[in-house]
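Data first, discussion second: the structure below is written as structure tokens.
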Amino acid sequence: MAFKPYVLEPGKALPIGSSLTGEGVNFSVFSRYAEAVALVLFESSKPDSPYQELPLNGRINRTGDMWHCHIRGLMPGALYLYRMDGPYNPAQGFRFNRHKLLLDPYAKALSSLEGWDPSASLGYNSADPVGDLSYSEAPSTPPPPRCVVVDDTFDWQGDRPLNYPLRHSVLYETHIRGLTMHPSSGVAYPGTYRGVIEKIPFFKDLGVTSLEFLPIQEFNEHELTRINPRTGETLLNYWGYSTMAFFAPKGSYASDSSPGGQVREFKEMVRQLHRAGLEVILDIVFNHTAEGNERGPTFSFRGLDNRIYYILDENLRYYKNFSGCGNTLNCNNPVVRTFILDCLRYWVMEMHVDGFRFDLGSILGRDQQGRLMENPPTLERIAEDPVLRHTKIIAEAWDAGGAYQVGWFPGGRWAEWNDRYLDDVRKYWRGDPGEAGHLATRLAGSSDLYLRDGRKPFHSINFITSHDGFTLKDLVSYEAKHNEENGEHNWDGHNLNYSANYGFEGPSTNWAIETVRERLMKNCIATLMVSLGTPMLLGGDEMARTQKGNNNAYCQDNDISWYNWALLEQKPGLFRFVKEMIAFRLRHPGFMRPEFYSGKDGSYNAIPDISWFDETGKTPEWDELTGCLALRMDGSKADILADRDDNDFFIMFNATEKEVLFTVCPPLEGKPWVRAIDTSLPSPADITLPGAETPLACPDQYLAMPRSMVVLISRALNP
């Protein structure tokens, strides 16, 4: 824009944020306790850019707690910040500082963060012995990145969110940047939203339905100060769980660096993914912000209204820290609740996303004193909001303050990351004793967790690996974590991983060790795909991606975290197995049934929907199982909602180090068992294409190799 003096007009309190009016831009921001507010307009994003400061009149430009104005003639791409004045009294929870420029919480884009030093936004004098009780009169130099006025107009070409039912979904968790940053990715726009578009053929080939992206809301990747002890380089915030602006897609993930270009490019990515039949799910971090604790910078919420936006300690100088990151958003304050709902609606209505995964979701169920609530209004509002009615809502049902709500997350229709599934499947395939019964519970949809409150099997998000922890390759290659390059002396990250290395720590050239490792990876993938519930695959596991034993790679924006696409050529058999296993699940409604198994007793003339066996074909004594388990699943009316039948299945699990001869129960007359999957076999015999399944040499027995999984299906002789 051509910079010129602008004149304030009264404006309106709603909508909140900056919005185009056809004649200019309306600005509205919340602050209950501010005594004076000014809008600051910038000519450019340069640190020394000329600016104009426009004080708001409390009689004309204020309605209730909303400060607002209209600037006639202002255009999309305009850059702005706020200045707030009010009491600076940390002991009373007030941290206003008129010398610090502030981001609009509703900003839809930010200018580049390059060159911004958050220490310039400290509201106190860091050298003062009284610390945050002191008051800084130093200006924000350089100031925070500017907020950008965004034009939401976009040619969606008829696109709408896909909103697949959870039970028909296969989620793929990935990182926008790490997906294509490695030189082997072969894309023209590495590390960007456009880079994701370039990988659509890969996702279509793999067969997943939904991409779940690690945080893409704007964050400062340069906020860390620790050094990588191996390289001497400053570590970066790679994962992005430190949000600065919740409405704004991350600018550095866009190849388009023009003002608001990240918004357009994100929309282009969503449109193209939807056109290819792929959903977009965002990992979103409403539990805390990047402002940290009382010693953190003041660049937004703290300077706008600290007592409203954060849960403060009884000593109001300090912050409750249920996030483990210094502060906790006051999610059940009505103002913050409105902010959260407005944000979610924006991403659905204007950005067309299909769902959200809520990091440390239990915090959204804490009251304004930090206590867990029985019926949290924020969680219920999200679940029942009419705009979000068909949007996937997935909770990480715990927090860093001790809450653990897996199986009883409040608020209605929420799905949950089921870490009980992760633990039990890992322990079973590692060969831990007494785990076969736990495996059975997870295979059957975790009814112990979700049946009692009326939820369904698909509300369990089943996963064996995620961004937080070992990759699948590392799970079978390392006994212990190796986070030395994080600069925390290997103290960070989980210590209890239920992993094993099968003879050697880390990469091995031993054929026998690598054969066992690949078999176990196939076991995990196959188990995931035949379990009731919604499966989530960690991106890169299909190509045996490794993080070199790092189970907390939040700060590794390098080849530790990036996808090495050359692995597809090195592990073609594993990739084929994973994609065929996904296809196997999606063509068999028995694994996507909407209700839990009933397990009703009956004979083979009236077969239960699921029956369990030990290796001898007998009903198992659960406490006496030694690592072997089998099940028979009746496929008749597997999808009762669609009145659709499926094959019957007989599945054998052998977690022991020995060959085991399983007794196979008789099939229905005219539908003999044929082998579809045997993870002990080399590719492509490990999983056969539909119609090419292998008849059994002996119809009532099957020899399962050590540490293997076998799936038989019934097939009519004359289909």
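Figures for the structure shown
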item: Residue selected from region 233-252 under the condition of a type outside the set (S, T, N, Q), over 16 Å from the mean Cα position of the chain (by Cα) and more than 20 Å from TYR106 (Cβ to Cβ), by the criterion surrounded by the fewest Cβ atoms within 10 Å (Cβ to Cβ); result: GLU233
item: Failed condition for MET529, given (1) touching a residue at least 60 places away in the same chain (Cβ under 8 Å); (2) within 15 Å of SER683 (Cα to Cα); (3) among the aliphatic types (A, V, I, L, M); result: (2)
item: Residue count, region 319-352 (criterion: closer than 19 Å to LEU379 by Cα and either over 19 Å from the mean Cα position of the chain (by Cα) or outside any helix (DSSP H, G or I) (or both)); result: 15
item: GLY540 without any contact (Cβ under 8 Å) to a residue 40 or more places away in the chain and not hydroxyl-bearing (Ser, Thr, Tyr); result: no
item: Residue tally, condition modelled with pLDDT of 90 or more, over 35 Å from the mean Cα position of the chain (by Cα) and part of a loop (DSSP other than H, G, I, E, B), over region 595-625; result: 9
item: Of all residues in region 88-128 being assigned to a strand (DSSP E or B) and of a type in the set (A, V, I, L, M), the one that is farthest from the chain's Cα centre (by Cα); result: LEU101
item: Residue count, region 549-571 (criterion: charged (D, E, K, R) and buried (at least 20 other Cβ atoms within 10 Å of the Cβ)); result: 2
item: Residue ID - surrounded by the fewest Cβ atoms within 10 Å (Cβ to Cβ), chosen from residues in region 431-450 that are part of a helix (DSSP H, G or I) and touching a strand residue (DSSP E or B) at 6+ places or on another chain (Cβ under 8 Å); result: ALA440
item: Residue in region 345-354 that is within 22 Å of ALA400 (Cβ to Cβ) and either polar (S, T, N, Q) or at pLDDT 95 or above (or both) present; result: no
item: Candidates LEU520, LEU528, LEU532 - the one that is in contact with a Lys or Arg (Cβ under 7 Å, 6 or more places away or on another chain), assigned to a helix (DSSP H, G or I) and not hydroxyl-bearing (Ser, Thr, Tyr); result: LEU520
item: Flag for PHE247 being in contact (Cβ under 8 Å) with a residue 24 or more places away in the chain and outside any loop (DSSP other than H, G, I, E, B); result: yes
item: Residues located in region 119-159, provided they are of a type in the set (Asp, Glu) and either in contact (Cβ under 8 Å) with a residue 40 or more places away in the chain or surrounded by 16 or more Cβ atoms within 10 Å (Cβ to Cβ) (or both); result: ASP132, ASP151, ASP152, ASP159
item: Filter result (without any contact (Cβ under 8 Å) to a residue 60 or more places away in the chain, in contact with a helix residue (DSSP H, G or I) (Cβ under 7 Å, 6 or more places away or on another chain) and crowded, with 19+ Cβ neighbours inside 10 Å) within region 350-380; result: GLY365, PRO376, THR378, LEU379
item: Per-region count, region 260-317, residues under 16 Å from ASN330 (Cβ atoms) and assigned to a strand (DSSP E or B); result: 2
item: Filter result for ALA544 (surrounded by 23 or more Cβ atoms within 10 Å (Cβ to Cβ) and hydrophobic (A, V, I, L, M, F, W, C)); result: yes
item: Matching residues in region 204-213 - criterion: being out of contact with any helix residue (DSSP H, G or I) (no Cβ under 6 Å at 6 or more places or on another chain) and either of a type outside the set (Gly, Ala, Ser) or surrounded by fewer than 20 Cβ atoms within 10 Å (Cβ to Cβ) (or both); result: LYS204, ASP205, VAL208, THR209, LEU211, GLU212
item: Residue in region 188-203 that is surrounded by 15 or more Cβ atoms within 10 Å (Cβ to Cβ), under 22 Å from the mean Cα position of the chain (by Cα) and under 27 Å from ILE340 (Cβ atoms) present; result: yes
item: Output for region 105-118, where each listed residue is touching a residue at least 12 places away in the same chain (Cβ under 8 Å) and not basic (Lys, Arg); result: PRO105, TYR106, ALA107, ALA109, LEU110, SER111, SER112, LEU113, GLY115, TRP116, ASP117, PRO118
item: Residue in region 94-115 that is at pLDDT below 95, at positive phi and not β-branched (Val, Ile, Thr) present; result: yes
item: Some residue of region 505-517 being in a helix (DSSP H, G or I), under 22 Å from HIS168 (Cα atoms) and not small (Gly, Ala, Ser); result: no
item: Test: residue in region 160-181 that is among the polar types (S, T, N, Q), assigned to a loop (DSSP other than H, G, I, E, B) and touching a residue at least 24 places away in the same chain (Cβ under 8 Å); result: yes
item: MET543 being within 21 Å of the chain's Cα centre (by Cα), within 26 Å of MET705 (Cα to Cα) and not aromatic (Phe, Trp, Tyr); result: yes
item: Selection count where residues are within 30 Å of LEU532 (Cα to Cα) and outside any helix (DSSP H, G or I), scope region 562-588; result: 4
item: Subset of region 393-403 (residues that are surrounded by fewer than 18 Cβ atoms within 10 Å (Cβ to Cβ) and either among the polar types (S, T, N, Q) or within 18 Å of the chain's Cα centre (by Cα) (or both)); result: ALA400
item: Region 282-314 - residue that is β-branched (Val, Ile, Thr) and over 25 Å from SER112 (Cα atoms) and, of those, surrounded by the most Cβ atoms within 10 Å (Cβ to Cβ); result: ILE311
item: For GLU514: the one exception among (1) under 21 Å from PHE577 (Cβ atoms); (2) in contact (Cβ under 8 Å) with a residue 24 or more places away in the chain; (3) of a type in the set (Asp, Glu); result: (2)
item: Unique residue being farther than 26 Å from ALA566 by Cβ and either outside the structural domain of TYR82 (by TED's automatic domain parsing) or in contact with a strand residue (DSSP E or B) (Cβ under 9 Å, 6 or more places away or on another chain) (or both) when the list is TYR189, TYR164, TYR172; result: TYR164
item: Residue within region 44-58 that is in contact (Cβ under 8 Å) with a residue 60 or more places away in the chain, farther than 27 Å from SER257 by Cβ, of a type outside the set (Val, Ile, Thr) and in contact with a Phe, Trp or Tyr (Cβ under 9 Å, 6 or more places away or on another chain) present; result: no
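The values are calculated or read from the model by the stated rules, or taken from the named source; none is laboratory data. Source: prediction; values computed, not measured. Positions of Cβ are generated from backbone atoms using ideal geometry, with glycine treated the same way; all protein chains shown enter the neighbour counts.
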